[in-house]
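Asker: Please find one structure pasted underneath; my questions will follow.
Only the coordinates and a few stated rules stand behind these numbers; no lab work does. The model shown is predicted, which means the values in this text are computed figures rather than measured ones. Methodologically, a virtual Cβ is constructed for each residue, glycine included, from the backbone with ideal geometry; neighbour enumeration extends over all protein chains shown.
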Amino acid sequence: MSISILRDVTEKVKPPRALFLRWPFGHPLGEPFNVTQQLTVLYDAFQFLYTAQPGEIRDLPYRWRREDYSVPKAWDSRLRCKSLRE
């Protein structure tokens, strides 16, 4: 499974499964220091592993710097517990 920002390259390489984002080169997980955005992309990537068909390239709907993100609910309580320990 890959996370891609270059769809034409992804189509040529043909990974088993890929997520595609229309984001600037070098930022496949999101903006620097935008932890909630990065966690959202990672969460979607893990979910994709369970639902993807072989050879599928799925477009994620997120727009660069135009979305409000929150920690995925399935991860929220675990992250809060961890941050309380630190």
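Asker: Could you pull out the longest piece of the chain with no exposed loop trypsin sites (Lys or Arg not before Pro) in it, calling a site exposed if DSSP puts it outside H, G, I, E, B and it has at most 13 other Cβ atoms within 10 Å?
Answerer: Counting at most 13 other Cβ atoms within 10 Å as exposed, the longest clean stretch of the chain is 23-62.
Asker: Here's a follow-up. Read phi for every residue in region 54-67 and hand back ³J(HN,Hα) as whole Hz from Karplus 6.51 cos²θ - 1.76 cosθ + 1.60, θ = phi - 60°, with x for Gly and Pro.
Answerer: x, x, 6, 10, 9, 7, 8, x, 6, 10, 4, 6, 10, 10
Asker: Taking K and R as +1 and D and E as -1, what net charge do the other residues with C-beta under 14 Å from the C-beta of Leu49 add up to?
Answerer: Residues close to Leu49 contribute a combined charge of 0.
Asker: Calculated from DSSP H runs of 4 or more alone, at -39500 (n - 2.57) each and per residue, what is the 222 nm mean residue ellipticity of the chain, nearest 500?
Answerer: That comes out to -13500 deg cm²/dmol.
Asker: Around Asp8, under 14 Å between beta carbons, what's the net of Lys plus Arg minus Asp minus Glu among the other residues?
Answerer: Result for the local shell: +2.
Asker: For the chain, what is the relative contact order in percent, using Cα pairs closer than 8 Å and at least 6 residues apart in sequence?
Answerer: With pairs under 8 Å counted, the relative contact order is 31 percent.
Asker: Please give the helix 35-51 orientation as an angle from the longest Cα principal axis of the chain, in degrees from 0 to 90, rounded to the nearest 10.
Answerer: 50 degrees
Asker: I've got another one for you. Using a 10 Å Cβ count of at most 15 others and DSSP loop calls, identify the longest part of the chain lacking such chymotrypsin sites (Phe, Trp or Tyr not before Pro).
Answerer: 34-63
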